[in-house]
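What follows is a set of notes on a single structure, which appears directly below.
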Amino acid sequence: MAFMFSQRSESNLSVATNVSQNSKTGPYLEGNLKLIDTLDCTNDVMCCKFNADGSVLAVGQIDGVIKIFNAHNSQLLYSLQDDDTLKHHLPVTQIRFRIFSSLEKEEYSHILVASYASGHVKIWHYTSGKCLHTINEVRTTLNVALNPEGTKFITTGDTTEINIYDEETKKKLNTLEPSDNRNKMDGHHFRVFAAIYHPEIPHVFLTGGWDNTVHYWDDRQPHSIRYLHGPHICGDALDIDPYNNHILTGSWRKKDVLQIWDFSSAEKIKDVPPDPMGHTQLYCCQWLGRDSILCGGSDLNLAKVVDRGTLSTIGQVTDLSQGVYCCDHDNNSSRPLMAIGSLKQIFLIKPEKRV
């Protein structure tokens, strides 16, 4: 662990006795959060993702290396790189674990898909360290998302095209993009940072990016089928709540940064109000179980947990040296383990109480 956290309550500041005099003032933990551990990486962290059962955490670095950690004891298990990543030395932009069926062989449970700013999309067998397949999209690939059935994956990037691939053969099935009709808003017009399939509705996924829109897509249709206007998305800041069929968006801007939308109508439900110190400009956000929200960003350089009912902050990590580019949680509904990435570190944090 590179440094210890200071613990700060709302009323006073109490500095832990094991913080050295030479350490910087922050970071601080406030509210209903407890630091479990800090994972040190060899370069800046750009993305992170737990596998389905929360047993391992994959971390993508700015130099193209993926680190695989044991989520329970923080041990570094594997480090993934090959000739392509060593040559290009460009960031890992997204990681998704392959959806595993109990009917499949055990080795298929150890596969992940990663996208890179080099334009590569790689399928890794992470326990052996082998890259099983590489796709070169000849663009800056910014995100990859798998459908719930595990039969397809999509990629987005610095172009307006969205590519759809067959998960088994890795062959491109289709490319979705806006039509030539400039009077129709049926696709993106700038780079696309976020993508997620609806967990309950087959073939349907959402994307968001720089053009202040979130688009609805059917992966069988050539253009988007509807859109909502507003969010300025610059990272993994788009999520769908299957319980209430709500969309969560995070925007990298000064106001109206965290918003909740109705999936069916594409209408905004509410803006999450800023804290007294103001908004942080968000790079990442996601639903945290049924009752909370996890988000993080730059400017104020913090990550926080928001109560969905009251829309108030119930815990946060503040005064980080740099912005929060990624966050994830292990899907434990009562006391989820959260991963928050900033600089060369991942902070593993849990709620003190059930959320």
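Could you please report the charge total around M185, scoring K, R as +1 and D, E as -1 over all other residues with beta-carbon less than 10 angstrom from its beta-carbon?
+1
So if I average 1/r over every pair of distinct C-alpha atoms in region 48-188 and take the inverse, what Kirkwood radius in Å does that give? Don't jump to the answer; show the numbers that get you there.
Values: mean 1/r = 0.0635 Å⁻¹.
Here the Kirkwood hydrodynamic radius works out to 15.7 Å.
Could you work out how much longer the chain between L311 and R335 gets when fully extended? Use 0.36 nm per residue separation minus the Cα distance between them, nm to one decimal.
6.7 nm
Over the chain, with a Gaussian network built from C-alpha contacts below 10 Å, which listed residue (D256, D44, D180) shows the highest mean-square fluctuation?
Maximum among the listed residues: D180.
Helix-only mean residue ellipticity at 222 nm, the chain, DSSP H runs n ≥ 4 weighted -39,500 (n - 2.57), per residue, nearest 500. What is it? Can you show the working numbers first?
On the way: 1 runs with 6 residues, N = 355.
That comes out to -500 deg cm²/dmol.
Per the 1.4 Å probe, what fraction of the accessible area of the chain, in percent, lies on carbon and sulfur atoms?
Working: 7420 of 15550 Å².
That fraction is 48 percent.
Assuming a viscosity of 1.002 mPa s and a temperature of 20 °C, what translational diffusion coefficient in µm² per second does Stokes-Einstein assign to the chain, Rh being the Kirkwood radius over Cα pairs?
Value of D from the Cα-based Kirkwood radius: 104 µm²/s.
So between K255 and Q221, what do we pick up on full extension, going 0.36 nm a residue minus the alpha carbon distance?
Numbers: separation 34, 0.36 × 34 = 12.24 nm, distance 3.42 nm.
Stretched out fully, the K255 to Q221 stretch lengthens by 8.8 nm.
At 0.36 nm per residue, and after removing the present C-alpha to C-alpha distance, how many nm does the segment from S321 to D37 gain when stretched out fully?
Residue separation times 0.36 nm, minus the Cα-Cα distance, leaves 100.5 nm.
Using a 1.4 Å probe, what is the accessible area per residue for the chain, in Å²?
On the way: 15550 Å² over 355 residues.
Result: 44 Å² per residue.
List, in the order given, every pair from K105/K344; K87/K130; K152/K350; K105/K304; K87/K304; K67/K170 whose Cα-Cα distance in the structure shown is over 28 Å.
On the way: K105/K344 35 Å; K87/K130 17 Å; K152/K350 33 Å; K105/K304 39 Å; K87/K304 37 Å; K67/K170 24 Å.
Checking Cα-Cα distances, K105/K344; K152/K350; K105/K304; K87/K304 exceed 28 Å.
Select from K105, K255, K67 the residue whose mean-square fluctuation is largest in a Gaussian network model of the chain (Cα-Cα springs shorter than 10 Å).
K105
Looking at the chain as a GNM with Cα springs under 10 Å, which of Q322, Q286, Q61 has the largest mean-square fluctuation?
Q322
Show the residues, 5+ positions off or on another chain, whose built amide H is closer than 5 Å to the amide H of Y227.
HN-HN under 5 Å from Y227: Y216.
Extending each Cα 7 Å along its Cβ direction at D44 and L77, get the distance between those two points in nm, one decimal.
2.8 nm
The values are calculated or read from the model by the stated rules, or taken from the named source; none is laboratory data. Not measured: the values here are computed from a predicted model. Ideal geometry is used to build each Cβ from the backbone, glycine not excepted, and the neighbour counts take in all protein chains shown. The area values use the complete protein model at the heavy-atom level, side chains included, leaving out ligands, DNA and RNA. Shrake-Rupley method; radii C 1.70, N 1.55, O 1.52, S 1.80 Å.
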